[in-house]
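Structure first, commentary second.
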Amino acid sequence: MPWVLVGVVVMLLAAAFSAGWGIRDGRAGERESELRAEAAGLAADGRRAEARADELESSLDETQVQRDELKQRLDAAEQANADLVERSAALDQREAELDQRQTAIDEVEAGIEANTVTDGVWTVGLDIAAGTYRATGVSSSCYWAVLRTGSNGDDIIANDLPSGGNPQVTVEDGQDFETVRCGEWVKVE
């Protein structure tokens, strides 16, 4: 009996061992399936990550191209601005020169106006400056006279009825100058 018992125990052990190995093989198969599924998921995640990395790299390339284009446009805008600043400075200089010329012209015109006499009676030293004047538009009925101031035209120093040309007359302080239909008289000295 002890041998039978030993045989039964060996058989039971063999059956238990065999049953345990099968359980183990079943669990290992399940674990292997789980690991394969997890590996497939990780592979899919890797492919998605790689695709996203490609998208990001492409986007980065596009961004770099846009950045380069913006840099070129900015450089062009800065150059245009520098050109405008330069042109503005040139225009400011030109404007200053024109202002100087206009001032000189205004002074000359004021001098001409101040030294131009038209029809009327003018007191030398008050209405007109003393000096020599020349007529520029004498008509056939021109008359001029140099009179002593305050004589009410009774004290004629000089007069003439030129019928053309450019008569000239010199007047001094204390005299009146009368001109009729002789055009303008311009001071020459």
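The values are calculated or read from the model by the stated rules, or taken from the named source; none is laboratory data. Computed from a predicted structure; not experimentally measured. A quick note on method: Cβ atoms are made from the backbone with ideal geometry, for glycine too, and the neighbour counts reach across all protein chains shown. Accessible surface areas use protein heavy atoms only, side chains included; no ligands, DNA or RNA. Shrake-Rupley method; radii C 1.70, N 1.55, O 1.52, S 1.80 Å.
Of everything in segment 117-141, what is over 14 Å from VAL186 (Cβ atoms) and part of a strand (DSSP E or B)? Give them in sequence order.
Listed by number, the residues that qualify are GLY120, VAL121, THR123, VAL124.
Quick grid of which residues meet (1) surrounded by 12 or more Cβ atoms within 10 Å (Cβ to Cβ); (2) among the charged types (D, E, K, R); (3) in contact with a helix residue (DSSP H, G or I) (Cβ under 6 Å, 6 or more places away or on another chain):
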{"position": "VAL85", "(1), (2), (3)": "no, no, no"}
{"position": "SER88", "(1), (2), (3)": "no, no, no"}
{"position": "GLU95", "(1), (2), (3)": "no, yes, no"}
{"position": "GLN100", "(1), (2), (3)": "no, no, no"}
{"position": "VAL124", "(1), (2), (3)": "yes, no, no"}
{"position": "ASP127", "(1), (2), (3)": "yes, yes, no"}
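Can you report the number of residues in segment 142-156 which are assigned to a loop (DSSP other than H, G, I, E, B) and over 12 Å from THR179 (Cβ atoms)?
Applying the first criterion (assigned to a loop (DSSP other than H, G, I, E, B)) to segment 142-156 yields 142, 149-155.
Keeping just the survivors that are over 12 Å from THR179 (Cβ atoms) gives 149-155.
The total comes to 7.
Taking the residues in segment 130-148 that are over 24 Å from ILE112 (Cα atoms) and among the polar types (S, T, N, Q) as candidates, determine which candidate is most open to solvent (accessible area, probe 1.4 Å). Steps first, please.
Within segment 130-148, the subset over 24 Å from ILE112 (Cα atoms) is 140-141, 148.
When the remaining residues are screened for being among the polar types (S, T, N, Q), the result is 140-141.
Working: SER140: 102, SER141: 50 Å².
Top of the filtered list is SER140.
With the condition kept exactly as written, say whether any residue in segment 102-116 is surrounded by 10 or more Cβ atoms within 10 Å (Cβ to Cβ) and outside any helix (DSSP H, G or I). Can you show your working first?
Here is the first cut: in segment 102-116, the residues surrounded by 10 or more Cβ atoms within 10 Å (Cβ to Cβ) are 102-112, 114-116.
Filter once more, so that each one left must be outside any helix (DSSP H, G or I): 115-116.
Yes - at least one qualifying residue is present in segment 102-116.
Check off (1) surrounded by fewer than 16 Cβ atoms within 10 Å (Cβ to Cβ); (2) under 20 Å from GLY137 (Cβ atoms) for ILE156 and give me the number that stays unchecked.
(2)
Please work out which one of (1) at negative phi; (2) exposed (fewer than 14 other Cβ atoms within 10 Å of the Cβ); (3) not basic (Lys, Arg) is the condition GLU178 fails and give its number.
All conditions are met except number (2).
Determine, yes or no, whether ILE105 is of a type in the set (A, V, I, L, M, F, W, C), touching a residue at least 60 places away in the same chain (Cβ under 8 Å) and under 30 Å from LYS187 (Cβ atoms). Step through it out loud before you land on a result.
Numbers: of a type in the set (A, V, I, L, M, F, W, C): yes; touching a residue at least 60 places away in the same chain (Cβ under 8 Å): no; under 30 Å from LYS187 (Cβ atoms): yes.
No: the conditions fail for ILE105.
SER88 fails exactly one of the following numbered conditions: (1) part of a loop (DSSP other than H, G, I, E, B); (2) at negative phi; (3) out of contact with any Asp or Glu (no Cβ under 8 Å at 6 or more places or on another chain). What is the number of that condition?
All conditions are met except number (1).
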